[in-house]
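Derivation of every value follows stated rules applied to the coordinates shown; laboratory data play no part. Here the structure is a predicted model, which is why all the values come from computation and not from measurement. So basically every Cβ, Gly included, is an ideal-geometry build from the backbone, and we count neighbours across all protein chains shown.
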Amino acid sequence: MSGTRQTLLHRVRDPGDREAWEEFFELYAPLLEGYARAHGLARADAEEVRDQCLEVLARKLPSFEYQPMRGSFQAWLQALARGKVIDLVRAKRVRAHESVELSRLADAGSAPDLLWEREWRAEHLRHALERVRRAEDPERFHVFELLLVQELSVAEVSARTGLTAAQIYKIKAALLKRVREVLVRLGDGAEAGLDAQGET
């Protein structure tokens, strides 16, 4: 892989890259907890699932090798998270209505998991926006939020901020580019396969 496009997954191979590990946990901890919560787990149980997954990640990532035949990092992480949710529900001797959810999860196998896909996309975007917000001038980021979060028109943003349409388009283009750059740096997950056998 080109050194100029070193994804977050490759950077965390170095246990000494503290910034990479902090960014990694900042991104994936909420994703894992959100996925568990989306399956109906209480906050404490979702946090337990999150922590169990992060423990596996911390152990395996420094030595991971890219092996495309084993699939994407996203698919591996999904299998790990689903397995930890199933294990936790089983360990707590589920009530009858919970066992329906457990059965659905266990039977899903490799079928597309819409909850996971939604959480994955939302968390990557949230993380990218937050990284850009921290580094950007607050007034410029406010313009960006008005356009993309509040979905105001350029004319409405212009009326609120006093900026011209040309200035607004320039800010939007610049910040969209920065968000894309953060997402590229994170990697799309297809470049790094991990062997999940025995870790679900």
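Annotations
- The calculated FRET efficiency for F25 paired with Y169, based on their beta-carbon distance and R0 = 35 Å, is about 0.45.
- Residue-wise HN-Hα couplings along the stretch 28-36, as the Karplus relation 6.51 cos²θ - 1.76 cosθ + 1.60 with θ = phi - 60° gives them from phi, are 8, 4, x, 4, 5, 5, x, 5, 5 Hz; Gly and Pro carry x.
- When each of the peptides 37-48, 151-162, 78-89 is scored by the mean number of other C-beta atoms lying within 10 Å of its residues, the order from highest to lowest reads 78-89, 37-48, 151-162.
- Potential extension, R180-S153 segment - 0.36 nm per residue separation minus Cα distance: 7.5 nm
- Scalar couplings 3J(HN,Hα) for the stretch 153-161, obtained by applying the Karplus form with A = 6.51, B = -1.76, C = 1.60 to θ = phi - 60°, are 6, 4, 4, 5, 5, 4, 5, 6, 9 Hz; x denotes Gly and Pro.
- Listed by Cβ neighbour count within 10 Å, with the fewest neighbours leading, Y35, Y28 appear as Y28, Y35.
- Straight-distance candidates among the lysines for linking to K84, with alpha-carbon spacing under 28 Å and chain neighbours fewer than 8 residues away dropped: K60, K92.
- In nm, spacing of pseudo-spin labels at D51 and R118 (7 Å Cα→C-beta vector): 2.7
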